[in-house]
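The values are calculated or read from the model by the stated rules, or taken from the named source; none is laboratory data. Only a predicted model underlies this, so the values are computations on that prediction, with no experimental measurement involved. In this analysis, Cβ positions are derived from the backbone assuming ideal geometry, glycine residues included, and neighbour counts consider all displayed protein chains. Each accessible area value is taken on the protein alone, full model and side chains, heavy atoms only, with ligands, DNA and RNA left out. Shrake-Rupley method; radii C 1.70, N 1.55, O 1.52, S 1.80 Å.
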Amino acid sequence: PDFENYYFDFNSHFRDAVLSEKFIIKGRQGTGKTLLGRYIEKQALKSPQWSCKMNSLLDYKMQELIILQYIKPAPEELSFIWTWIQLVDLLKLLHQSKELLSEFSRDKIEHFFAENYVTIDITPSTIVSSSLNGEINGRSLMEILSNKNIEYKSEFSRPYLNWLPELEAVVTKLVGECKGRFTFIYDDLDECFRDDEMFSFSLNGLAKSTFN
């Protein structure tokens, strides 16, 4: 549990990662990539203005859900799916920053998850399955952007892709208001290197959405 007390940043990987806006850690299996991610998480806990979360890419079950639900999105759409996932992940991180966000914004984030995902404590795979199926109620997003309550209208229910610009605008707005630092780490990318075209497309989609 206290491994961070013995962690030595020999090759400055930690320093290089935290100084970068976006980064990829490459290395053979067992060379310490996951440990570095956990170390970054531990260091973030020491700062009230730094929120960090690491998830395994396997937790999203992207390929399994696509196969089971007979959904085969085009390769370019996968980058949009990953952009949505990353923004929802960031919205969850923002909600955890109780001292940095206004009560109004935190309340509307809770409403967004309650209306679309039942609860904010959802699993990564639920984000994927719930977003791909059905429609997203974006009223809470509009309320955050306008800083006021809005009466529900049927036009607020649309496919998730139609709400992507508003979700990005909300996350950008709230990150600016918080003046905090938010780091999200995706682990186990090497587990996706299988002899399957959809796995390759999914990983490329994640990289494209991150670096764009």
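Among LEU161, LEU36, LEU45, which one moves the most in a GNM of the chain with springs linking Cα atoms closer than 10 Å?
For the chain, modelled as a Gaussian network with Cα springs under 10 Å, the answer is LEU45.
Could you please state, rounded to a whole Å, how far the C-alpha centre of region 1-59 is from the C-alpha centre of region 132-185?
Spelled out, the Cα-based centre of one part sits 29 Å from the other.
At a probe size of 1.4 Å, how large is the accessible area of TYR160, to the nearest 10 Å²?
Accessible surface of TYR160 is approximately 20 Å².
Of THR183, THR123, which has the most accessible area with a 1.4 Å probe, and how do the rest follow in descending order?
Most to least solvent-accessible, the answer reads THR123, THR183.
So what is the calculated 222 nm ellipticity per residue for the chain, using -39500 (n - 2.57) for each DSSP H run with n of 4 or more, over all residues, to the nearest 500 deg cm²/dmol?
-16000 deg cm²/dmol
Under a straight-distance cross-link criterion of Cα-Cα below 23 Å, which lysines are reachable from LYS46, leaving out those fewer than 8 residues away in the same chain?
Excluding near neighbours in sequence, the set is LYS22, LYS33, LYS92, LYS98, LYS179.
If the convex hull of the alpha-carbon atoms of region 88-129 is projected onto planes in all directions, what is the mean projected area in square nanometres?
Average of the hull's projected areas for region 88-129 equals 2.7 nm².
With no solvent and one point per C-alpha, what does the Debye sum give as log10 I(q)/I(0) for region 79-194 at q = 0.10, 0.15 Å⁻¹?
-0.29, -0.65
Loop-only check: which GluC sites (Glu not before Pro) in region 96-174 are DSSP coil with at most 16 other Cβ within 10 angstrom?
Those satisfying the criteria are GLU99, GLU135, GLU151.
Using a 1.4 Å probe on the protein heavy atoms only, what accessible surface does LYS22 show? Give it in Å² to the nearest 10.
Near enough 80 Å² of accessible area.
Solvent-accessible area per residue for the chain at a 1.4 Å probe radius, Å²?
Here the residues of the chain average 57 Å² of exposed surface.
Counting only protein heavy atoms, what percent of the accessible surface of the chain is carbon or sulfur at a 1.4 Å probe?
Whole-percent figure for carbon plus sulfur exposure: 52.
Tell me the accessible surface of ASP9 in square angstrom (1.4 angstrom probe, heavy atoms of protein chains only), to the nearest ten.
Per-residue accessible area (ASP9): approximately 40 Å².
Starting from the residue with the highest accessible area, list ILE85, ILE25 in decreasing order, probe 1.4 Å.
ILE25, ILE85
Measuring from the lowest to the highest alpha carbon on each principal axis, how far does the chain reach, largest first, in angstroms?
Over the chain, Cα extents along the principal axes are 56, 43, 28 Å.
Can you tell me the dipole magnitude for the chain around its Cα centre, using point charges on the Cβ only (Lys, Arg +1; Asp, Glu -1), in Debye to the nearest 20?
460 debye
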